[in-house]
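Heads up, the thing below is written out as structure tokens.
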Amino acid sequence: MIGDVIGPRLLVGLATLPVIAVPAVLPDPPEPTTTTTTSTSTSVRATTSTASTTSTVSTMTTSTALPPSTTSPSTTSTTTTTLPSRLVIPPESWARFDQLIAGQLTGRGDRAAGVAVAVDGYVVHAAAFGTRTPDDPLDVVTTSDRFRIASISKLVTATVVLQLVDAGLLRLDEPVGQRLADVAGVTPGNGVPGVTVRQLLSHTSGLPDYRGQFFGDAFTSCEQAAAFGLSRSLAHQPGTEHDYSNLNFCLLGLLIADATGKPYEAAVTDLLLRPLGISGMRLVATIDPDPDEVVHLSGASRTYMQSLGGAGGWVGTPTDLVRILDALDPASPGWHPLPPALATLMQQALDVSYPEPSERRYGLGTVVWPDGSWGHTGTVENTHTMLARRPDGMTWCILVSGDVPESTEALREVFDRALGQSGIAFTGAGRG
């Protein structure tokens, strides 16, 4: 049974648990061929006094230039890698792609946006648009700047939970409600003790969504939200209905901390991010931008980000998220956090009752769409995010600071329209 044996993918830095050594930072897969160009930006960061020029890092090319589709002073930062593969890219197609993405997002009022695209496990393009801070037109966003990722955090949390399942430290059908109530220091409500790991991962626990409390600033931490929710009765019988609740993944973050003996953020960094070579991703408070993070406007007294925790509290770049999702495909190059059986299980929609089964279903921490794509979306104040793996082997992510589009799911239309109108197409069969 999955989870009965300590998995070789797990890095646990505790003397009381088996220590499985993996490289602190794994090497990148063999590099594809790239084309190097140089250009000069007409806009610069507020912290520099001269125009920046392109630089080649590893085998990727980075450039900055004013987006031709907008009249704002913000710039576009782009990284493109050309693959010797089935991806057909006519000349200037990525430039046209960026123009179309920017026109649909920052061109319609968003303050900033970022996009990344991978094919067969290789990141082939990344771009960023707009400004990092709303009051400084020279503080332009780059592809290394981090955005709120909102509920894409759930996919990150789910991956680490399943790593612990693979290691035998948790079991999918293990009741953990009482354990979590003990962690929170409360008496569990009716039905709570029997809630399992699988039910938390799939939003079938029966726990109410408590949306009004999370986004009405009733909580100042995930721990406070957990104590509130765990002490109340379930809304329905566990395992029967998909009822999306941020509390499920707040609780899974606490469970990760309890199982590893480390703070949730540190455990995710050690087990998932560092082995993938990802640095800079972190949990943030609602008003808490670092210099390399995009500002998402919020009221000064808002507290929803710190209360979401593992449900929605992370920041990262589109490239970070594409790399995480691709690592869940056993056929992709590089390190894989999960064995094939668990990675496949994560992507399979559960056979339960859904509010809108024709639009999207849910696996273990993943949204599953009718066309066979899977990944996650996220929406919080001034934030829209979408990460998806398509059946043809393309993985993409868009992160937005702003209110456009009104529906986060419409980011798929934004991406598909830009891809189609830029002339980027595949040859041959995909492997997804």
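Between ASP403 and ASP292, 0.36 nm times their residue separation minus their Cα-Cα distance comes to what?
Full-extension gain reported as 37.8 nm.
Label the range 361-432 by shape, choosing from rounded, prolate and oblate, from the square roots a ≥ b ≥ c of the eigenvalues of the Cα gyration tensor; if a/c is under 1.5 it is rounded, and otherwise prolate applies when a/b is larger than b/c, oblate when it is not.
Oblate.
What FRET efficiency would be calculated for the residue pair LEU138, THR240, taking the C-beta separation as r and a Förster radius of 56 Å, to the nearest 0.05?
The pair LEU138/THR240 has a calculated efficiency of 0.55.
Test of understanding: what is the full-extension gain from SER358 to ASP182, defined as 0.36 nm times their sequence separation minus their Cα-Cα distance?
59.5 nm
Looking at the square roots a ≥ b ≥ c of the eigenvalues of the Cα gyration tensor of the range 173-269, which shape do they give, rounded for a/c under 1.5, prolate if a/b is larger than b/c, or oblate?
rounded
Which of ILE152, ILE324 comes first, and how do the rest follow, when ranked by fewest Cβ neighbours within 10 Å?
ILE324, ILE152
Taking 7 Å along the Cα-to-C-beta vector as the label spot, tell me the ASP392-THR220 distance in nanometres, rounded to one decimal.
About 5.1 nm separates the two model spin labels.
What is the fewest-to-most order of GLU356, GLU241 by other Cβ atoms lying within 10 Å of their Cβ?
GLU356, GLU241
Which value in nm describes the separation of the simple spin-label points at ARG211 and ASN190, placed 7 Å from the Cα toward the beta carbon?
Label at ARG211, label at ASN190, 2.5 nm between them.
Report the net charge of residues surrounding VAL368, where surrounding means a beta-carbon distance below 9 angstrom and charges are Lys +1, Arg +1, Asp -1, Glu -1. Provide the component values of the computation, followed by the final result.
Details: positive: ARG360, ARG361; negative: none.
Neighbourhood net charge equals +2.
Would you mind ranking ILE424, ILE398, ILE89 by Cβ crowding within 10 Å, fewest neighbours first?
If I rank by nearby Cβ atoms, fewest first, I get ILE89, ILE424, ILE398.
Taken together, the values in this text are just the output of simple stated rules run on the coordinates, not laboratory data. Note that this is a predicted model, so its numbers are computed, not measured. Positions of Cβ are generated from backbone atoms using ideal geometry, with glycine treated the same way; all protein chains shown enter the neighbour counts.
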